[in-house]
């Protein structure tokens, strides 16, 4: 019953018998509420997919499936072609992560350590984009992607339509630059004395030191790519190249997909994110907390 | 440039300057080298921002004064696009609905996470469990959340009506009822998003110095007084930040109405849905959509500016 930090209610207060009863009652109620509110929907989704289609649409839902049809997941994966959209999304997420890191790390390193003339102005311009709500740029950004100025590319239905706008991520650059700023210049100087060039200093000293911040940036990049909906909906219209989210939305509108397979598709779309959360929960929750304290 | 020279083991000029008595020429050469390499490194970033952030901003404003069809040259139409959207009765419906959604989402999604965080901060057991549980929905792709809740909301055999009728409570048509549709959207959105705010509040609560509570307790302050006079004032900054962020985020609501109630339903059409309709469904009128975006941008820009101001002052 010890707690490291003192909170609203003191430990000694809580240890009084009457308060102990209240505390444990509250704890139990909270546990049950949280399980029902946050975990039950998952249980329902996973088991719903296993039910017989007729059981799923019965007016009184069953809480435990009467018959277990695990092959629904296989059907969704193969017949609904969830596999194809899953791999599309995976490819977009990994590619997007790589492009974001490449573009944003180099830019942040230049802004933090090379400090070229006019760097402050450019950083300001990038940070100003944080003020732009994504919604306001939607239409002109879409038109830009259909005909990129100077280059004349049409990026519609190409992964670059996700990757290049994704790399224009001011938040990443800001976080990375702040981290690089904290690496003492003396350390980099001594490496230079040994004859290492700026690029080698970045690769062999700055990046290894920056592992924690790179991890956080990477995780949020992948999560962001996997969850994105509106932008891929607009720029990836060809069903062949759609992301899983967009494909699920389209399939749900056709009314021709068995509901159990639909649910299986939802489960499959969630699994990578749940795995990422389970593996990296410390970094994810920690990153959020750090963000909230620094503002 | 540095790649080529780094092969030779040669003493390089320092980053910080101070230590070695570098001659003027060396210093100049280093500066030039750093500048060239710096711009080389920033080139991709600058290009991405220029093409997909700075240029679209300008293009959006220009577009709102144009009529485009992508076959002939765009025509300048002055304020015609703005006049046209002001004449569209859906314009007012969309703003009113967006306002309604934002206010309802704030009442639920702003206060509930705060209350949960304050309670969870007093809980001494299973701390990890509670944090993971509340954040789990945030991890899900929004389309999964929305389509899953579509099952729950089904008026015929959905989970909600089943539970409500089992408890002898009135059932509802949820997304299909004009009265409940907006609230249904707010409920989904809150379930999906409140984890982030809760985690941030928890972090801020843990940062409140414990001595404050001890001192107040010695003075005989009750739990409510401590909450009122210590917790809330200490949390003022994070509460303001999250309030602004949440307003900006909720006013851009799209996927919930798009997927659950459709883009033509006047009960739930929002500003973003209307922009989507103007540009990508029947009208295909990018000028109208751009004019609407400019208005949304101005409204949200105010909140964003306040947010940036507030967080910068803190630094």
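The values are calculated or read from the model by the stated rules, or taken from the named source; none is laboratory data. Because the structure is a prediction, the values reported are computed rather than measured. We place every Cβ from the backbone using ideal geometry, glycine too, and count neighbours over all the protein chains shown.
Taking the residues in segment A:237-289 that are over 21 Å from the mean Cα position of the chain (by Cα) and not in a helix (DSSP H, G or I) as candidates, determine which candidate is modelled with the lowest pLDDT.
Across segment A:237-289, the extreme among qualifying residues is A:255.
For residue B:24, state whether it is at pLDDT below 85 and facing another protein chain (nearest Cβ under 9 Å).
Answer is no for this residue.
Among B:92, B:110, which is the only one that is over 30 Å from residue B:203 (Cα atoms), under 24 Å from the mean Cα position of the chain (by Cα) and either in the same structural domain as residue B:231 (by TED's automatic domain parsing) or surrounded by 12 or more Cβ atoms within 10 Å (Cβ to Cβ) (or both)? Walk me through it before giving the result.
Values: B:110 fails: over 30 Å from residue B:203 (Cα atoms).
None of the others qualify; the one that does is B:92.
Please determine whether any residue of segment A:185-203 is more than 10 Å from chain B (Cβ to nearest Cβ) and either part of a helix (DSSP H, G or I) or more than 25 Å from the chain's Cα centre (by Cα) (or both).
yes
Of the residues that sit in segment B:121-138 and are in contact (Cβ under 8 Å) with a residue 40 or more places away in the chain and within 7 Å of chain A (Cβ to nearest Cβ), which one is nearest to residue A:227 (Cα to Cα)?
Selected residue: B:137.
Looking at segment B:206-222, can you tell me whether even one residue there is under 28 Å from the mean Cα position of the chain (by Cα), surrounded by 22 or more Cβ atoms within 10 Å (Cβ to Cβ) and assigned by TED's automatic domain parsing to the domain that holds residue B:138?
Within segment B:206-222, the first condition is being under 28 Å from the mean Cα position of the chain (by Cα), and the residues that meet it are B:206-208.
Cutting the leftovers down to surrounded by 22 or more Cβ atoms within 10 Å (Cβ to Cβ) gives us none.
Scanning segment B:206-222, I find no residue that is under 28 Å from the mean Cα position of the chain (by Cα), surrounded by 22 or more Cβ atoms within 10 Å (Cβ to Cβ) and assigned by TED's automatic domain parsing to the domain that holds residue B:138, so the answer is no.
Is at least one residue of segment B:41-52 touching a strand residue (DSSP E or B) at 6+ places or on another chain (Cβ under 7 Å) and either outside any helix (DSSP H, G or I) or free of Cβ contacts under 8 Å to residues at least 12 places away in the same chain (or both)?
No; the residues of segment B:41-52 include none that is touching a strand residue (DSSP E or B) at 6+ places or on another chain (Cβ under 7 Å) and either outside any helix (DSSP H, G or I) or free of Cβ contacts under 8 Å to residues at least 12 places away in the same chain (or both).
Return the pair list, or none, for Cβ contacts closer than 6 Å from residues in segment A:278-292 that are more than 9 Å from chain B (Cβ to nearest Cβ) to residues that are at pLDDT 85 or above and in a helix (DSSP H, G or I), at least 6 apart or on different chains.
Correct list of pairs: A:280/A:219; A:283/A:215; A:283/A:216; A:283/A:219; A:287/A:216.
Would you confirm whether or not segment B:63-76 contains a residue that is part of a helix (DSSP H, G or I) and either within 12 Å of chain A (Cβ to nearest Cβ) or out of contact with any strand residue (DSSP E or B) (no Cβ under 7 Å at 6 or more places or on another chain) (or both)?
yes
Go through (1) at pLDDT 90 or above; (2) within 30 Å of residue A:275 (Cβ to Cβ); (3) more than 7 Å from chain B (Cβ to nearest Cβ) one by one and return the number of the condition residue A:212 breaks.
Single failed check for residue A:212: (1).
Report those helices (runs of 4 or more DSSP H) wholly inside segment A:1-98 carrying at least 2 residues which are at pLDDT 85 or above and under 24 Å from residue B:125 (Cα atoms).
A:17-34, A:40-50
Each row is one residue, and each column tells you yes or no for (1) within 30 Å of residue B:156 (Cβ to Cβ); (2) in contact (Cβ under 8 Å) with a residue 60 or more places away in the chain; (3) in contact with a helix residue (DSSP H, G or I) (Cβ under 8 Å, 6 or more places away or on another chain).
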site: A:62; (1), (2), (3): yes, no, yes
site: A:66; (1), (2), (3): yes, no, yes
site: A:75; (1), (2), (3): yes, yes, yes
site: A:97; (1), (2), (3): no, yes, yes
site: A:129; (1), (2), (3): no, no, yes
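Specify the residue that is farthest from the chain's Cα centre (by Cα); the eligible residues are those in segment A:137-151 that are modelled with pLDDT under 90 and more than 7 Å from chain B (Cβ to nearest Cβ).
A:150
Exactly one condition in (1) outside any helix (DSSP H, G or I); (2) within 10 Å of another protein chain (Cβ to nearest Cβ) is not met by residue A:154; state its number.
Unmet condition: (2).
Against the definition (buried (at least 16 other Cβ atoms within 10 Å of the Cβ), on the phi < 0 side of the Ramachandran plot and not assigned by TED's automatic domain parsing to the domain that holds residue B:188), how does residue B:146 come out, yes or no? Write out each step before concluding.
Working: buried (at least 16 other Cβ atoms within 10 Å of the Cβ): yes; on the phi < 0 side of the Ramachandran plot: yes; not assigned by TED's automatic domain parsing to the domain that holds residue B:188: no.
No.
What do you reckon, is residue A:134 within 11 Å of chain B (Cβ to nearest Cβ) and either surrounded by 21 or more Cβ atoms within 10 Å (Cβ to Cβ) or modelled with pLDDT of 95 or more (or both)?
No; evaluated as a whole, the condition is false for this residue.
For the structure I just gave you, tell me whether residue A:109 is surrounded by fewer than 21 Cβ atoms within 10 Å (Cβ to Cβ) and either closer than 30 Å to residue A:212 by Cα or outside the structural domain of residue A:171 (by TED's automatic domain parsing) (or both).
So residue A:109 fails the test.
Out of the residues in segment B:2-21 meeting the condition of being assigned to a loop (DSSP other than H, G, I, E, B), more than 8 Å from chain A (Cβ to nearest Cβ) and at negative phi, tell me which one is modelled with the lowest pLDDT.
B:7
Could you list, in sequence order, the residues of segment B:199-242 that are more than 7 Å from every other protein chain (Cβ to nearest Cβ), over 30 Å from residue B:137 (Cα atoms) and in contact with a helix residue (DSSP H, G or I) (Cβ under 6 Å, 6 or more places away or on another chain)?
Residues satisfying the conditions are B:212, B:216, B:230.
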